[in-house]
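Only the coordinates and a few stated rules stand behind these numbers; no lab work does. The shown structure was predicted, so the numbers you read here are calculated from the model rather than taken from an experiment. Every residue, glycine among them, receives a Cβ derived from its backbone with ideal geometry; neighbour counts consider all protein chains shown.
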Amino acid sequence: MALALEAALLLQPGPVKRFLDVALAQQTPNPSLLSTLGVPHYEATLYSKRLHEAGELIDHTWQAEFRLAYQQLLATDTPVRKLDRLHVADRPREKALHSGVRSLSDGELLALLLRTGAGDEGVMEFADRLLADHDGLLGLSRSDIDTLLESRGLGPAKATELAASFELANRVANATRRRERPKLNSPEATVAHLKELVLLDHERFWCLPLDPRSALIGEPRQISQGDVDGTDAGPRAFFRIALTAGATTCIAVHNHPSGDPSPSAADRAVTIRLVAAGRAVDVLLVDHMIIGDGGRFVSLRRDCPELFR
């Protein structure tokens with residue numbers, strides 16, 4: 001037996017289920033009563049009319065067999081997707097248009113980028129699952145394309161689009177810093193400028209060339225990836241970058257993906273070599289910074305001044 005609202009329940013599960021949940025609880029679900037119980041008046045009138053036209057309601061009263069059939073249908077129906085439960089004005093796209101994208105939560109922003117769900121999963125549920133699986137937006141932004149492809153529901157197209165979105169955000173941040181030409185005259189100022197290093201899951205070594213006013217020249221230059229005591233992190237590669245940039249002084253920076261910024265013996269040894277090389281080429285190393293997570297860092301100039309003598 002085909003029910004009058006069965007097809008509509010598949011096409012518009014949110015409003016139809018909301019109507020039926022309230023209407024089935026009443027023996028005589030007239031539109032006025034349903035409106036007082038929270039069903040929008042337009043929906044109450046429209047769906048009641050369809051039920052009357054099909055003979056499933058007579059004089060606003062349920063016919064027993066149809067009431068039972070709807071109850072059984074709802075009992076076996078799949079859960080209503082989160083997006084369908086939202087009022088149209090509260091859905092991510094409409095909310096962004098009326099209130100701006102800054103009003104959206106992380107899940108809503110991600111749902112806008114994803115556009116569609118995965119299989120039977122709605123787009124809002126899909127977005128929430130991705131955030132949960134990757135330990136939030138920060139973890140998701142650190143994932144490369146291959147890692148994203150391991151997530152259920154993300155194919156090459158969506159994985160690439162997500163990775164590109166995060167890369168655009170990084171480049172905007174970098175462009176803003178270039179325009180501002182920050183002064184790195186304290187360890188705190190240096191760390192504040194390099195917040196993105198906490199996103200990296202590999203150890204990387206950077207040269208920050210400075211002008212006579214301790215302002216950063218251009219952008220931080222990556223010298224190497226891997227252990228800081230590797231040959232690519234040696235003085236030759238480091239000061240070639242500093243001299244090319246026209247630096248008068250420079251800062252060495254590397255991250256500890258473990259999150260603990262405590263300096264190792266190798267970190268100390270590299271610092272000593274860089275200090276000596278800097279004196280030889282007249283570009284002094286003013287600090288060697290190690291960045292961990294949660295805002296933690298170590299300034300070797302501050303904590304180990306003997307390395308700079």
Check your understanding: Could you give me the ³J(HN,Hα) list for the stretch 125-142, computed from phi with Karplus coefficients 6.51, -1.76, 1.60 and θ = phi - 60°, whole Hz, x at Gly and Pro?
Key -> 5, 4, 4, 4, 5, 4, 5, 5, 5, 10, 6, x, 5, 4, x, 5, 5, 7
Review point. So how do 190, 147 line up by other beta-carbon neighbours within 10 Å, fewest first?
Key: 147, 190
**Study point:** FRET efficiency, 1/(1 + (r/R0)^6) with R0 41 Å, evaluated for residue 145 and residue 97 via beta carbons
**Key:** 0.85
Practice item. Rank the residues 42, 47, 70 as a footprinting-exposure proxy: fewest other Cβ atoms within 10 Å of their Cβ go first. Key: 42, 70, 47
Practice item. Can you tell me the dipole magnitude for the chain around its Cα centre, using point charges on the Cβ only (Lys, Arg +1; Asp, Glu -1), in Debye to the nearest 20? Key: 1360
Check your understanding: Can you give the relative contact order of the chain as a percent, counting alpha carbon pairs under 8 Å and 6+ residues apart?
Key -> 10
Point to revise | Size of electric dipole in the stretch 182-308: Cβ of Lys, Arg +1 and of Asp, Glu -1, about Cα centre, debye, nearest 20 | key: 420
Check your understanding: Near residue 82, which aspartates and glutamates are there with a Cα under 14 Å away, not counting those fewer than 8 places off in the same chain?
Key -> 90, 108, 120, 121, 125, 128
Practice item. Would you be so kind as to identify which of 291, 278, 304 lies farthest towards the positive end of the dipole of the stretch 182-308, taking Lys and Arg as +1 and Asp and Glu as -1 on Cβ and the Cα centre as origin? Key: 278
Point to revise | HN-Hα J in Hz across the stretch 3-13 - Karplus 6.51, -1.76, 1.60, θ = phi - 60°, x for Gly and Pro | key: 9, 4, 9, 5, 5, 5, 5, 7, 7, 9, x
Review point. How big is the gap, in Å, between the Cα center of the stretch 37-111 and the Cα center of the stretch 127-171?
Key: 31
Revision key, fill the gap. In debye to the nearest 20, the charge dipole size for the stretch 6-80, taken about the Cα centre with +1 at each Lys and Arg Cβ and -1 at each Asp and Glu Cβ, equals 160
Check your understanding: Using only Cα atoms, what Kirkwood radius does the stretch 6-80 have, in angstroms?
Key -> 12.2
Practice item. Run through all the Cα pairs of the chain and give the fraction in each 10 Å bin from 0, expressed as whole percent. Key: 5, 20, 20, 15, 13, 9, 8, 7, 3, 0
